[in-house]
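The values are calculated or read from the model by the stated rules, or taken from the named source; none is laboratory data. What you see is a predicted model, and the numbers here were worked out from it, not measured in a lab. In this analysis, Cβ positions are derived from the backbone assuming ideal geometry, glycine residues included, and neighbour counts consider all displayed protein chains.
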Amino acid sequence: MKAFVRFVRGASLLACAITAALALSACGGSTKSSGGPPATTTASGTGSTTPTVSMQTIGGVSALVDAKGDALYSPEQERGGTIRCTAGCTAVWVPLTLPAGMGKPTAAAALTGKLGVVRRPDGKRQVTWNGKPLYTFVDDGGPGKVNGNGASDRFGGKSFTWHVATAGKSAPAPATTQTTGGGYGY
C-alpha cells in the first residue's frame, strides 16, 4: 500500500510540474524546448520599470519576489553561488534567470542586499541574492503564496532544505516541515 501511495504522489507531483511548465511556456514566462533544458523563470526584460527582485509581505513574511510577484526561495545547500538544483529539481524549483541581452538584475530601491548572477551548468545566468541562487516554487501556484518555506526535497541523490528569501535573515521555517520531493529522484 505504501508503494502505491508513493507512486500516486510521485505521479501527481510530476503531473503538476508538467502542467505548470506548459502553462508558463504558453504565457511566455518560461523557456523550454522538447528534449532541452528544464523550464526557467526569466527576470523582467531590458527597459522594464519593474525590478527583477523586490520585497512583498506574504503570510507575515517579508519575502523577496520576482517581477511577477512570485515568492523567491533558496536552498541551504547552495551557498556561495554553488548550483546543486539541476535536472528534475528545476521542474519543481524553477531558477530565476536573466533573459538574453539583459546585462544584470535590478532590485527595488528598498532592498539593501547584494543582487548578482551565477552561471548555471546549462549556461543560463541565474539571479542571486547575497550569493544565494534564487528559485520560484511551482506549488505556490502564483503571486502572494509561500508554500515552500521549510520544505525538504531529495533530487538525484541530493538533499535540499528550502527557505523563502528575505531582505534580512532567512525566514523561519514553519512549525511543520513540508516534504515535496519524497526522495523519488525527479
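For Ser44, work out the one condition from (1) out of contact with any strand residue (DSSP E or B) (no Cβ under 6 Å at 6 or more places or on another chain); (2) closer than 15 Å to Pro143 by Cβ; (3) at pLDDT 95 or above it doesn't fulfil.
Every condition holds for Ser44 apart from (3).
Is it the case, given these coordinates, that Asp70 is at negative phi, of a type in the set (Asp, Glu) and buried (at least 21 other Cβ atoms within 10 Å of the Cβ)? Step through it out loud before you land on a result.
Details: at negative phi: yes; of a type in the set (Asp, Glu): yes; buried (at least 21 other Cβ atoms within 10 Å of the Cβ): yes.
The answer is yes for Asp70.
Would you point out which residue out of Gly69, Gly116 is touching a helix residue (DSSP H, G or I) at 6+ places or on another chain (Cβ under 9 Å) and not aliphatic (A, V, I, L, M)? Walk me through how you get there before you give the answer.
Working: Gly69 fails: touching a helix residue (DSSP H, G or I) at 6+ places or on another chain (Cβ under 9 Å).
The match here is Gly116.
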